[in-house]
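Everything on this sheet refers to the single structure shown next.
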Amino acid sequence: MKASLLTEVGQVVYSDVPKPGIEQPDQVLVAIKAVGICGSDVHFWEWGKIGDFVVNFPLIMGHEAAGVVVEVGSEVTDLAPGDRVALEPGLPCRRCKLCRIGMYNLCQNMRFLSAPPYDGCFCEYVVWPQDYCFKLPDNMTCEEGAMMEPLNVGLYGATRGPVQAGDTVLVTGGGPIGLMALQSAKALGAGKLVVTDPVEARRQFALQLGATVALDPSAADFEARLRAEVGKLGADVTLECSGAVPALQQACYFTRPGGALVSIGVFAQNEFELPIWHIQSREIDFKGIFRYRNLYPAAIALTASGQIDVKSMITARYPLEQLQEALGFSSREKGSAIKTVITVGE
């Protein structure tokens, strides 16, 4: 089969690799049709590592994927050839304590597609367990199916708040995850949605997708305008999606006493200062998230019903053989390119 391989930092090669086959009775063979480019893919391409994940070249990247089932194992009962599916890319051990209490996203033995040393989905075929392949309804495309992975991140952050009906929600960062978190908060019933991002194009996207107001954090009057929007007490729930230290530090002062601050964005720094006394004395619930759990069916249902729009977030498409060019585009156009999708096959 064909695959686009990361062979060294900054270099992707379109090449032939062995086609995988079903090895376990619960597995299915999926012909990949669409794969979204994640910021982690760009980071691996640019730097060859993310934190403790170091690429052992060559690596097939890509984990935001959907495709068509072409073959099923002997014990597969829920899927059949021809079904279109979205792949949940994390495969936990299903045996450890964290898995057994339902927190499988925190499994210490996780096999995650495209996280070294495991190959991902920028290729023609992937074998994956049926339990982590979710059938798409007829009114959803494979491109939308590929968008279920980043939607799960935003939706998980919003449910961790949790965002409740009528809440004022502050979303810091209007990139792909911020826009997913925005739409998730709206679907959960948020009454007012305030988004902050320094890029005009992203602020406009946020308004199109349901934000009440979108503010520029680099503006001279930003803090005064933000206070006017979230009120004297602050937002009921803040979803920090930028991964920018100043945004998180500032968010602590714009979340109300007894409210929730959910850290979703990934930070370049591992350690930095936060106003702990302010967080503690106001009883702000500070929460982190890591990936997601148990939300693929909900994400698919919200998209199929029209409550969440992922299609308009796809701003560029490239064929599999042009992954090198697509990564370069995604890196250069971080401000205006919301989501780039790689199409595979016809």
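The values are calculated or read from the model by the stated rules, or taken from the named source; none is laboratory data. This structure is a prediction, so every number in the text was calculated from the model and none was measured. Every residue, glycine as well, gets a Cβ built from its backbone with ideal geometry; the counts of neighbours run over all protein chains shown. To get the accessible areas, we keep the full protein, side chains included, count just its heavy atoms, and leave off ligands, DNA and RNA. Shrake-Rupley method; radii C 1.70, N 1.55, O 1.52, S 1.80 Å.
Results for (1) open to solvent by 20 Å² or more (accessible area, probe 1.4 Å); (2) farther than 24 Å from L261 by Cα, shown as yes or no for each residue.
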{"site": "A115", "(1), (2)": "no, yes"}
{"site": "Y132", "(1), (2)": "yes, yes"}
{"site": "L136", "(1), (2)": "no, yes"}
{"site": "N139", "(1), (2)": "yes, yes"}
{"site": "E143", "(1), (2)": "yes, yes"}
{"site": "G154", "(1), (2)": "no, no"}
{"site": "G157", "(1), (2)": "no, no"}
{"site": "R160", "(1), (2)": "yes, no"}
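Please specify each residue of segment 235-253 satisfying the condition of being open to solvent by less than 10 Å² (accessible area, probe 1.4 Å) and either out of contact with any helix residue (DSSP H, G or I) (no Cβ under 8 Å at 6 or more places or on another chain) or in contact (Cβ under 8 Å) with a residue 40 or more places away in the chain (or both). Step through it out loud before you land on a result.
Restricting attention to segment 235-253, the residues satisfying the condition of being open to solvent by less than 10 Å² (accessible area, probe 1.4 Å) are 235, 237-240, 248, 251-252.
Matches in segment 235-253: A235, V237, T238, L239, E240, L248, A251.
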Residues in segment 256-273 that are among the hydrophobic types (A, V, I, L, M, F, W, C) and either in a strand (DSSP E or B) or exposed (fewer than 14 other Cβ atoms within 10 Å of the Cβ) (or both): how many? 5
Residues in segment 288-303: is at least one without any contact (Cβ under 8 Å) to a residue 40 or more places away in the chain and in contact with a strand residue (DSSP E or B) (Cβ under 9 Å, 6 or more places away or on another chain)? yes
Looking at the structure I just gave you, is G154 out of contact with any Asp or Glu (no Cβ under 7 Å at 6 or more places or on another chain), under 20 Å from C252 (Cα atoms) and assigned to a helix (DSSP H, G or I)? yes
Residue under evaluation V76, criteria (1) buried (at least 18 other Cβ atoms within 10 Å of the Cβ); (2) in a strand (DSSP E or B), criterion not met: (2)
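Looking at the structure I just gave you, is A228 in a helix (DSSP H, G or I), open to solvent by 50 Å² or more (accessible area, probe 1.4 Å) and modelled with pLDDT of 95 or more?
Numbers: in a helix (DSSP H, G or I): yes; open to solvent by 50 Å² or more (accessible area, probe 1.4 Å): yes; modelled with pLDDT of 95 or more: yes.
Answer is yes for this residue.
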Of the residues that sit in segment 11-50 and are within 20 Å of L327 (Cα to Cα) and among the small types (G, A, S), which one is surrounded by the most Cβ atoms within 10 Å (Cβ to Cβ)? G36
Filter segment 290-300 for residues that are surrounded by 19 or more Cβ atoms within 10 Å (Cβ to Cβ) and either among the β-branched types (V, I, T) or in a helix (DSSP H, G or I) (or both) and give the result. Y296, A299, I300
Taking the condition over 21 Å from G288 (Cβ atoms), of a type in the set (A, V, I, L, M, F, W, C) and within 16 Å of the chain's Cα centre (by Cα), does M147 pass? yes
Residues located in segment 162-207, provided they are part of a helix (DSSP H, G or I), open to solvent by 40 Å² or more (accessible area, probe 1.4 Å) and touching an Asp or Glu at 6+ places or on another chain (Cβ under 9 Å): E200
Give me the pairs: first residue in segment 112-128 and under 18 Å from A80 (Cα atoms), second residue outside any loop (DSSP other than H, G, I, E, B) and among the polar types (S, T, N, Q), beta-carbon distance under 9 Å, and six or more apart or on different chains, which are they? V127/Q27; W128/Q27
